[in-house]
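What follows is a set of notes on a single structure, which appears directly below.
The values are calculated or read from the model by the stated rules, or taken from the named source; none is laboratory data. Bear in mind the structure is a predicted one, so any value in this text is a computation, not a measurement. Cβ: placed from backbone, ideal geometry, glycine included. Neighbour counts: every protein chain shown. Note: accessible area is taken over every heavy atom of the protein model, side chains too, but ligands, DNA and RNA are not part of it. Shrake-Rupley method; radii C 1.70, N 1.55, O 1.52, S 1.80 Å.
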Amino acid sequence: MTKKREKIDQRVNSFLSQLQPQTSSPAHTNQASLLLRDALLEPSTHKIWSRYISDNIATDKNVLSYRAISRAISASEWSRYGIESPPNRYKDRVRRAILGERLTLDTLRLFTETFPIDSHVAQKISDLIALNATQETPPDEKRIPRFDFTTTLYDVYVDKKFRSYKIRCNLVFRALEDSCDYIWAPVGTDVENIEIHHGGSLKWHEKFKMFSFELDTPLNASECGELLYTITFEDAPQEEEDAILAMQFGKPRSSVFFRFFFDYPAGAPEKLMVSRKPTEKNSTLPEILSEIPVHQGRASAYFDRVRNDLILFY
């Protein structure tokens with residue numbers, strides 16, 4: 001047994017000795033969270049999630065970034081299962097787990113599948129989670145209809161704090177199989193409202209804690225559809241590493257357009273920096289840095305053949 005494992009065992013056993021066998025206490029989660037934080041700061045795991053930190057933010061090896069970790073998990077879910085979910089879907093779970101507020105076995109699975117966490121450490125965390133009297137069973141997997149997203153146009157509205165508070169999206173897609181009737185909607189703790197203007201209706205799935213776009217007309221293979229919707233975001237305090245906009249793409253798109261509209265044109269920057277990072281594991285493609293001009297409070301950008309990319313504007 002290595003010294004690291006001995007240290008972990010001593011910390012956990014000391015903690016467990018203070019508890020009654022059937023005790024249910026938030027302290028279980030606190031201790032599990034402590035082990036998880038230590039594991040995420042290990043060089044092998046830090047190397048993975050630190051790739052998702054904005055370039056204009058200095059990397060602090062002793063500080064965990066919820067956003068970067070969430071982006072890494074999102075990329076892993078796409079690479080492993082073909083599930084395309086926005087990083088914001090995981091941000092609240094990551095934050096709660098790291099702060100010791102809530103940590104379930106399903107959330108632990110997300111971490112262990114994304115990062116090379118030592119199996120001995122993972123088992124200790126799992127044992128601590130199991131001490132809780134009540135366990136929540138993860139929801140069953142729901143079949144995800146197969147679509148090919150062809151073209152996406154994003155109109156991004158930016159306030160005087162350089163915060164994107166609203167995005168109007170025009171999404172064009174093609175069904176790859178018969179009876180495709182819904183698409184998962186983007187979710188996150190900072191999403192305040194989603195309004196559909198054309199193509200479907202919004203439905204809440206309590207079991208999955210997610211919204212879906214229910215299409216007005218189900219599509220069969222090779223049929224095309226269109227969704228037009230607007231997402232507004234809460235006026236939450238902006239984190240240091242926040243870009244004006246960060247978009248992660250798993251499913252391929254033949255073309256993606258961005259148009260930025262600044263509420264205060266006189267105070268808009270002269271240009272926006274753009275970072276396009278490959279997120280596929282073991283990718284040898286380089287990060288692409290560029291800039292786009294801002295004229296009279298407006299800017300636009302075009303990307304072709306987007307897949308497994310994290311695109312940041314700042």
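A few remarks follow.
- Every residue from the range 71-106 that is in a helix (DSSP H, G or I) and either outside the structural domain of Tyr52 (by the TED database) or small (Gly, Ala, Ser) (or both): Ala72, Ser74, Ala75, Ser76, Ser79, Ala97
- For the range 208-231, a tally of residues being hydroxyl-bearing (Ser, Thr, Tyr) and within 17 Å of the chain's Cα centre (by Cα) returns 1.
- Test set (1) buried (at least 16 other Cβ atoms within 10 Å of the Cβ); (2) at pLDDT 90 or above; (3) of a type in the set (D, E, K, R) - Glu226 fails condition number: (1)
- Scope the range 107-125; condition open to solvent by less than 30 Å² (accessible area, probe 1.4 Å) and assigned to a helix (DSSP H, G or I); matching residues: Thr107, Leu108, Leu110, Phe111, Thr114, Val121, Ala122, Ile125
- Pick from the range 291-314, criterion surrounded by fewer than 18 Cβ atoms within 10 Å (Cβ to Cβ) and modelled with pLDDT under 90, ranking: farthest from Ser255 (Cα to Cα): Arg307
- If only residues of the range 194-219 that are assigned to a loop (DSSP other than H, G, I, E, B) and open to solvent by 70 Å² or more (accessible area, probe 1.4 Å) are counted, the one that is modelled with the highest pLDDT is Glu206.
- Scanning the range 256-282 for residues that are farther than 25 Å from Phe173 by Cβ and assigned to a loop (DSSP other than H, G, I, E, B) yields Asp263, Tyr264, Ala268, Pro269, Glu270, Lys281, Asn282.
- Flag if Thr279 is more than 23 Å from Phe162 (Cα to Cα) and open to solvent by 90 Å² or more (accessible area, probe 1.4 Å): no
- Selection of the range 64-99 for residues being touching a Leu at 6+ places or on another chain (Cβ under 9 Å), surrounded by fewer than 22 Cβ atoms within 10 Å (Cβ to Cβ) and under 10 Å from Thr114 (Cβ atoms) yields Ser76, Glu77.
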